[in-house]
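Written below as structure tokens is the structure these notes are about.
The values are calculated or read from the model by the stated rules, or taken from the named source; none is laboratory data. Note that the structure is predicted; figures quoted are calculated from it, not measured. Note that each Cβ is placed from the backbone with ideal geometry, even for glycine, and that neighbours are counted across all protein chains shown.
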Amino acid sequence: MVKLEKGYRKVTNKDKLFYFERNFFTLDGLWMIEVENETNWDTALKIDTVVWKRLLKIIVRRIKNYLKIETNTLQDLVEILTFRWSVENWDYKVLETSTENEVFIEITQCPYKAIMDRNPERQDKAPLICKDMCIPFYESIIKNFNPEIKIDRNYFMGLGDEHCDFHLKLKSGKE
């Protein structure tokens, strides 16, 4: 029998994490598939890109507030990105650098690509999602966060590489 408190079921933070973690990615995938079914791939991709650009701008702002970050430095950006990636179960490594004006990050597992890899009907979409969504998202996130931060990327799992890379650098050497 479920124990109720004042007529409500009591849930833990672990329960909430399970629920939202499991359903966040499912909602995202189902949304894309259904929009594609009702329209076509190009329209679904266009709508999903607009939604995700807006959502990620909100997510970055909320993470920044949650972490009590008050500036927009390169290190702040890394804190925000790695928080998101950790919550979403990405595998990544922030590589050591000799300067605070430059950061290298290597992604070895992307949950979005992993989901597409498990679905044979969607595997052909991974390169399109990578090229047309992921790459522009991060360019937009970084430009909105601090236009002095430049991003260079050379490797993309969605395009067949074994990892993704993020080379973040202050354009002017200033924060």
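Could you tell me whether any residue of the stretch 92-111 is among the β-branched types (Val, Ile, Thr) and in a helix (DSSP H, G or I)? Checked against the condition, which is being among the β-branched types (Val, Ile, Thr) and in a helix (DSSP H, G or I), the stretch 92-111 yields no hits at all.
Of Leu30, Leu4, Leu17, all but one fail to be of a type in the set (A, V, I, L, M, F, W, C), over 25 Å from Glu106 (Cβ atoms) and loosely packed, with under 10 Cβ neighbours inside 10 Å; the exception is Leu4. From the list Trp52, Trp31, the one residue that fits, being in a helix (DSSP H, G or I), under 12 Å from the mean Cα position of the chain (by Cα) and either farther than 18 Å from Cys164 by Cα or modelled with pLDDT of 95 or more (or both), is Trp52. Could you tell me which residue of the stretch 117-146 is farthest from Thr43 (Cα to Cα), considering only residues that are free of Cβ contacts under 8 Å to residues at least 24 places away in the same chain and under 16 Å from the mean Cα position of the chain (by Cα)? This residue is Lys143.
Exactly one residue out of Ile80, Ile105, Ile149, Ile63 is within 26 Å of Tyr19 (Cβ to Cβ), touching a residue at least 60 places away in the same chain (Cβ under 8 Å) and buried (at least 16 other Cβ atoms within 10 Å of the Cβ): that is Ile80.
Of all residues in the stretch 37-56, those that are touching a residue at least 24 places away in the same chain (Cβ under 8 Å) have Cβ atoms under 8 Å from Cβ atoms of residues that are small (Gly, Ala, Ser), 6 or more apart or on another chain, in Lys53/Ser140; Leu56/Ser140. So, Thr71, is that one modelled with pLDDT of 90 or more, over 15 Å from Ile129 (Cβ atoms), of a type in the set (Val, Ile, Thr) and part of a loop (DSSP other than H, G, I, E, B) or not? Yes: the conditions hold for Thr71. Scanning the stretch 36-44 turns up at least one residue that is modelled with pLDDT of 95 or more and part of a loop (DSSP other than H, G, I, E, B). Annotation note: of Asp117, Asp132, the sole residue that is of a type in the set (Asp, Glu), out of contact with any strand residue (DSSP E or B) (no Cβ under 9 Å at 6 or more places or on another chain) and closer than 26 Å to Arg62 by Cα is Asp132. If you check Ile63 against the conditions, is it hydrophobic (A, V, I, L, M, F, W, C) and out of contact with any Phe, Trp or Tyr (no Cβ under 7 Å at 6 or more places or on another chain)? Criteria not met by Ile63.
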